[in-house]
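Novice: First, the structure itself, so that you have it in front of you.
The values are calculated or read from the model by the stated rules, or taken from the named source; none is laboratory data. What you are looking at is a predicted structure, and each value in this text was computed from that prediction instead of being measured. For neighbour counting, all protein chains shown are included, and Cβ atoms are generated from backbone atoms with ideal geometry for every residue, glycine included. Ligands, DNA and RNA are stripped out before the accessible areas are found, and what is left, the full protein with its side chains, is counted by its heavy atoms. Shrake-Rupley method; radii C 1.70, N 1.55, O 1.52, S 1.80 Å.
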Amino acid sequence: MLKITDLHASASDKEILKGISLTVNAGEVHAIMGPNGSGKSTLAQIIAGHPGYEVTSGTIEYDGKDLLDMEAEERAQAGVFLAFQYPVEIPGVTNAYFLRAAFNELRKARGEEEVDPMEFLDIMEEKLKLVEMDATMMQRSVNAGFSGGEKKRNEILQMAVLAPKLAVLDETDSGLDIDALRIVAGGVNALKRPDNATIVVTHYQRLLNYIVPDFVHVLAGGRIIRSGGKELAHELEAKGYDWLLEPVSV
Amino acid sequence: MSSSIESLVNKEYAYGFVTDIESDTIPRGLTEETVRLISAKKNEPEWLLAWRLKAFRRWQTMTEPHWPNVTYTSIDYQAQTYYSAPKSVKPLQSLDDVDPELLKTYAKLGISLTEQKRLTGVAVDAIFDSVSVGTTMKTELAAVGVIFCSFGEAVQSHPELIQKYLGSIVPYSDNFFAALNSAVFSDGSFVYIPKGVKCPLELSTYFRINAADTGQFERTLIVADEGASVSYLEGCTAPKRATNQLHAAVVEIVALDNSSVKYSTVQNWYAGDKDGVGGIFNFVTKRGKAQTNAKISWTQVETGSAITWKYPSVILQGDNAVGEFYSVAVVNNKQQADTGTKMIHIGRNTRSTIISKGISAGQGQNSYRGQVKILPKAEGARNYTQCDSMLIGNACGAHTFPYIEVANNTATIEHEASTSKIGEDQIFYCKSRGLNAEHAISLIVAGFCKEVFKELPMEFALEAQQLLGISLEGSVG
Ligand SMILES: Nc1ncnc2c1ncn2[C@@H]1O[C@H](COP(=O)(O)OP(=O)(O)OP(=O)(O)O)[C@@H](O)[C@H]1O
Ligand SMILES: [Mg+2]
């Protein structure tokens, strides 16, 4: 489904990703872990199409298409979804309006009829239950004044409504209380199908107890320095990252 | 790839067509003769000609103001034409007699003057260059005593009301453009709502400039008698022309005790091309006076014109009077806007609210200029001002000029201002959910303007929102 080959990327002339290769197949869950500032969000944002990063070399193939050649909205319409580490506020635009606009754009791209606000309400109702979010949140401006946890939950709600093929969750667990963590993870698991795939970026093994990964990758200094099964996450939890990092030459 | 927001490409202005119609146009230039000629064409009574002439003489002693934060090459007042009317328009004609060519023009602008397809619940007065083409729903309005007709018609049929109220809020000596308008005004709308009557329809005037090198100088007078209420909307468009055209209007609102007037504007005059060639100079004086317990509310969505220069104001004369100003002003390409309001608190416990949203894109320059003045007797007066600017791109500008004068220490004044750049992050967030950049911008901007849009009459809120999308189209690279 997703094939990243030797990806190099920079921002403001600073090289951040220094040769990432990663293959994700349908039905798989991949976890990406790694120290702060190692490039995890950068990778996630590049997959989603953020214009602020320059891909200097390498390729990303998604469903047989050249992902890097697609605008961000085309990627979304093709089933790519990024749950943001820092969801963005849009004052004055209700959550319901925004999400319906997105939902309809995706439908249009598939050649389907747009849904009207009443029909959308029905769709919403079910998804709100999934993430245990109050319906009143839908009438508030997108993420404006939402608590950290509410923002994250809202991202998963969007994911549930938009039903992506490839979901990238960037630290969706950070800032969640224990109950919210269980709910969010439950939501992600409920959306899991054999034909979609998930990449979870996280710092904590805790999340991986709920969303069990098939593969765990460690990203450090812009490279994937180790890949393994779910047991790698336990090892990292116990030992930290130091044992994996190359010795520092003085 | 550093930025998805770049400089602008102009979007085709949908209303830029010209109607090919034979017009009665007077020679260029402005002298006392011109004033007499206009008055004679309109068959006006002697007192009105005398008033025009006083205004003209006053105007001759005045100089064009240059304090607004706008720049343009000065206007040659002798090169303009001050009156142009389609030949087929006859005085006091009925709508059945309107030239089909004119009906077609309005239909193209989305306004149906013919019976069947009229917007329900809205009466329309259609002003084409210097004259009114016709007013719809007159009989329905007459049934409740509401007068809604062209200014010219009102001069003939209700001279006592015109004589009583004309210039009572904006005297001809008020400012350079008001004096000019008073001398040469051609047509406009007149509204009178009798005591205690709640106007059953939205009233709306649609202004269209068609003729080249012709200024439009309309005059609107709205009188709400005691306890009356009305909601009025004006819309404006003009053809694309490479020369600037002058639009110097005056609007006066008389709100007697316990009355309420809501005045909404959707201004979409031709803005000039992306290099700033052509477009309307929109220099307008709008003012209302609210007596005891009366309320005047201005809502404006200003997207057009090369230059906009206007400050719809309220004199809060009576105790407990309420004044409101809700504004969205958009500048794109090389447009300039210097707009805002004046709230003059005279009565006790008077209240005013100012919500201004300025959006600048391209190389547009947007200035908010607002005055809040609390006079010594305005015990307990209150004002709340919120003034937000949004910038799209790096080449545009937003400026805020608040003037606050308080002469009564029981008054409460709150002023909030903010300037934000439309965020690359916000656009990316929308795009990552499947919305393209233009959809994203119009969504973000609509959210930014929400507090103003919700003040517009239902039928027009959507139109305004779409208009905003159009005028910002091309503002992303
Ligand atoms: N637009 C940018 N311009 C300059 N530097 C950037 C930009 N975006 C990211 N960086 C830098 O690139 C590095 C990687 O950032 P990134 O956000 O990808 O890290 P991360 O692995 O997600 O970290 P965290 O675990 O703290 O979320 C950091 O040093 C960051 O400061
Ligand atoms: Mg990160």
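Novice: Among the residues of segment A:42-62, how many are within 16 Å of ligand 2 (Cβ to nearest atom) and surrounded by fewer than 20 Cβ atoms within 10 Å (Cβ to Cβ)?
Specialist: Adding up the residues that qualify gives 2.
Novice: With out of contact with any Gly (no Cβ under 7 Å at 6 or more places or on another chain), away from ligand 1 (no atom under 16 Å from the Cβ) and in a loop (DSSP other than H, G, I, E, B) as the only criterion, which of A:GLY27, A:GLY37 stands out?
Specialist: Selected residue: A:GLY27, the only one of A:GLY27, A:GLY37 that is out of contact with any Gly (no Cβ under 7 Å at 6 or more places or on another chain), away from ligand 1 (no atom under 16 Å from the Cβ) and in a loop (DSSP other than H, G, I, E, B).
Novice: Mind listing whichever residues of segment A:102-113 are open to solvent by 50 Å² or more (accessible area, probe 1.4 Å) and within 12 Å of chain B (Cβ to nearest Cβ)?
Specialist: Correct list: A:ARG107, A:LYS108, A:ALA109, A:ARG110.
Novice: Quick check: anything in segment B:408-424 within 14 Å of another protein chain (Cβ to nearest Cβ), closer than 28 Å to A:ARG75 by Cα and either β-branched (Val, Ile, Thr) or crowded, with 24+ Cβ neighbours inside 10 Å (or both)?
Specialist: Scanning segment B:408-424 turns up at least one residue that is within 14 Å of another protein chain (Cβ to nearest Cβ), closer than 28 Å to A:ARG75 by Cα and either β-branched (Val, Ile, Thr) or crowded, with 24+ Cβ neighbours inside 10 Å (or both).
Novice: Hey, could you check segment A:187-197 for residues that are at pLDDT 90 or above and crowded, with 16+ Cβ neighbours inside 10 Å and say which is nearest to A:MET124 (Cα to Cα)?
Specialist: The selected residue is A:ASN196.
Novice: Now for a separate question. So which residues in segment A:82-98 are open to solvent by less than 20 Å² (accessible area, probe 1.4 Å), more than 14 Å from B:ILE427 (Cβ to Cβ) and under 17 Å from the mean Cα position of the chain (by Cα), if there are any at all?
Specialist: Passing the criteria: A:LEU82, A:ALA83, A:PRO87.
Novice: Is there a residue being in contact with a helix residue (DSSP H, G or I) (Cβ under 6 Å, 6 or more places away or on another chain), among the hydrophobic types (A, V, I, L, M, F, W, C) and in a helix (DSSP H, G or I) anywhere in segment A:106-115?
Specialist: yes
Novice: Just checking, does segment A:119-140 include any residue being within 16 Å of ligand 2 (Cβ to nearest atom), open to solvent by less than 70 Å² (accessible area, probe 1.4 Å) and either assigned to a helix (DSSP H, G or I) or within 14 Å of another protein chain (Cβ to nearest Cβ) (or both)?
Specialist: The answer is no; no qualifying residue exists.
Novice: Within the set of pairs 6+ apart or on separate chains, which have a first residue in segment A:189-210 that is over 14 Å from A:ALA167 (Cβ atoms) and without any contact (Cβ under 8 Å) to a residue 24 or more places away in the chain, a second that is in a helix (DSSP H, G or I) and more than 15 Å from ligand 1 (Cβ to nearest atom), and C-beta atoms under 9 Å apart?
Specialist: Here the result reads A:ASN209/A:ALA185, each pair linking segment A:189-210 to a residue that is in a helix (DSSP H, G or I) and more than 15 Å from ligand 1 (Cβ to nearest atom).
Novice: Could I ask something else about it? Show me the helices (runs of 4 or more DSSP H) entirely contained within segment B:132-243 in which 2 or more residues are closer than 25 Å to B:PRO27 by Cα.
Specialist: Qualifying helices (runs of 4 or more DSSP H): B:151-157, B:176-184.
Novice: Is it true that some residue in segment A:41-59 is more than 10 Å from chain B (Cβ to nearest Cβ) and more than 19 Å from A:GLY222 (Cα to Cα)?
Specialist: no
Novice: Would you be able to say whether some residue in segment A:73-81 is within 16 Å of ligand 2 (Cβ to nearest atom), surrounded by 17 or more Cβ atoms within 10 Å (Cβ to Cβ) and charged (D, E, K, R)?
Specialist: There is no residue in segment A:73-81 that is within 16 Å of ligand 2 (Cβ to nearest atom), surrounded by 17 or more Cβ atoms within 10 Å (Cβ to Cβ) and charged (D, E, K, R).
Novice: Do you know which residues across segment A:220-250 are modelled with pLDDT under 85 and open to solvent by less than 40 Å² (accessible area, probe 1.4 Å)?
Specialist: Those that are modelled with pLDDT under 85 and open to solvent by less than 40 Å² (accessible area, probe 1.4 Å): A:GLY240, A:LEU244.
Novice: Read through the list (1) at the interface with another protein chain (Cβ under 7 Å from one of its Cβ atoms); (2) at pLDDT below 95, then give the number of the only condition that A:THR94 fails.
Specialist: Unmet condition: (1).
Novice: I need the full set of residues from segment A:198-219 which are more than 14 Å from A:ALA83 (Cα to Cα), away from ligand 2 (no atom under 14 Å from the Cβ) and surrounded by 15 or more Cβ atoms within 10 Å (Cβ to Cβ), in order please.
Specialist: Across segment A:198-219, the qualifying residues are A:GLN205, A:ARG206, A:LEU207, A:LEU208, A:TYR210, A:ILE211, A:PRO213, A:ASP214, A:PHE215, A:VAL216, A:HIS217, A:VAL218.
Novice: Within segment B:390-398, identify whether any single residue is under 21 Å from B:THR265 (Cα atoms), among the polar types (S, T, N, Q) and open to solvent by 10 Å² or more (accessible area, probe 1.4 Å), and answer yes or no.
Specialist: no
Novice: Of the conditions (1) outside any strand (DSSP E or B); (2) touching a Leu at 6+ places or on another chain (Cβ under 9 Å); (3) farther than 24 Å from B:GLY358 by Cβ, B:LYS274 satisfies every one except a single condition; which number is it?
Specialist: (3) is the only condition that B:LYS274 fails.
Novice: Sticking with this structure for a sec: Within segment A:173-186, which residues are within 16 Å of ligand 1 (Cβ to nearest atom) and open to solvent by 10 Å² or more (accessible area, probe 1.4 Å)?
Specialist: The answer is A:SER174, A:GLY175, A:LEU176.
Novice: Something else: Take segment A:206-232 and flag every residue that is part of a helix (DSSP H, G or I) and within 15 Å of ligand 1 (Cβ to nearest atom).
Specialist: Within segment A:206-232, A:LEU207 is the sole residue that qualifies.
Novice: Given (1) within 14 Å of another protein chain (Cβ to nearest Cβ); (2) touching a residue at least 24 places away in the same chain (Cβ under 8 Å), identify the lone condition not met by A:SER12.
Specialist: (2)
Novice: Looking only at segment B:427-445, which residues are open to solvent by less than 20 Å² (accessible area, probe 1.4 Å) and at the interface with chain A (Cβ under 7 Å from one of its Cβ atoms)?
Specialist: Once the filter is applied, which keeps residues that are open to solvent by less than 20 Å² (accessible area, probe 1.4 Å) and at the interface with chain A (Cβ under 7 Å from one of its Cβ atoms), segment B:427-445 yields B:PHE428, B:TYR429, B:SER432, B:ARG433, B:GLY434, B:LEU435, B:LEU443, B:ILE444.
Novice: Failed condition for B:THR385, given (1) more than 14 Å from chain A (Cβ to nearest Cβ); (2) surrounded by fewer than 22 Cβ atoms within 10 Å (Cβ to Cβ), with all others met?
Specialist: (2)
Novice: State all residues of segment B:24-75 that are among the β-branched types (Val, Ile, Thr) and open to solvent by less than 90 Å² (accessible area, probe 1.4 Å); if no residue qualifies, say none.
Specialist: B:THR25, B:ILE26, B:THR31, B:THR34, B:VAL35, B:ILE38, B:VAL70, B:ILE75 - these are the residues of segment B:24-75 that are among the β-branched types (Val, Ile, Thr) and open to solvent by less than 90 Å² (accessible area, probe 1.4 Å).
Novice: If you go through segment B:424-447 one residue at a time, do you hit one that is under 23 Å from B:ALA306 (Cα atoms) and not in a helix (DSSP H, G or I)?
Specialist: No - not one qualifying residue is present in segment B:424-447.
Novice: Tally the residues that are more than 14 Å from every other protein chain (Cβ to nearest Cβ) and assigned to a loop (DSSP other than H, G, I, E, B), restricting the search to segment A:144-196.
Specialist: So the answer is 14.
Residue-by-condition table, conditions (1) aromatic (Phe, Trp, Tyr); (2) in contact with a Gly (Cβ under 6 Å, 6 or more places away or on another chain); (3) in a strand (DSSP E or B); (4) modelled with pLDDT under 95:
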| residue | (1), (2), (3), (4) |
| --- | --- |
| B:SER352 | no, yes, yes, no |
| B:GLN363 | no, no, no, yes |
| B:LYS373 | no, no, yes, no |
| B:PRO402 | no, yes, yes, yes |
| B:HIS415 | no, no, yes, yes |
| B:THR419 | no, no, yes, yes |
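Listed here are the residues, each with its yes/no results for (1) within 16 Å of ligand 2 (Cβ to nearest atom); (2) under 16 Å from the mean Cα position of the chain (by Cα).
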{"site": "A:ALA9", "(1), (2)": "yes, no"}
{"site": "A:SER12", "(1), (2)": "no, no"}
{"site": "A:ILE16", "(1), (2)": "yes, no"}
{"site": "A:MET33", "(1), (2)": "yes, yes"}
{"site": "A:SER38", "(1), (2)": "yes, no"}
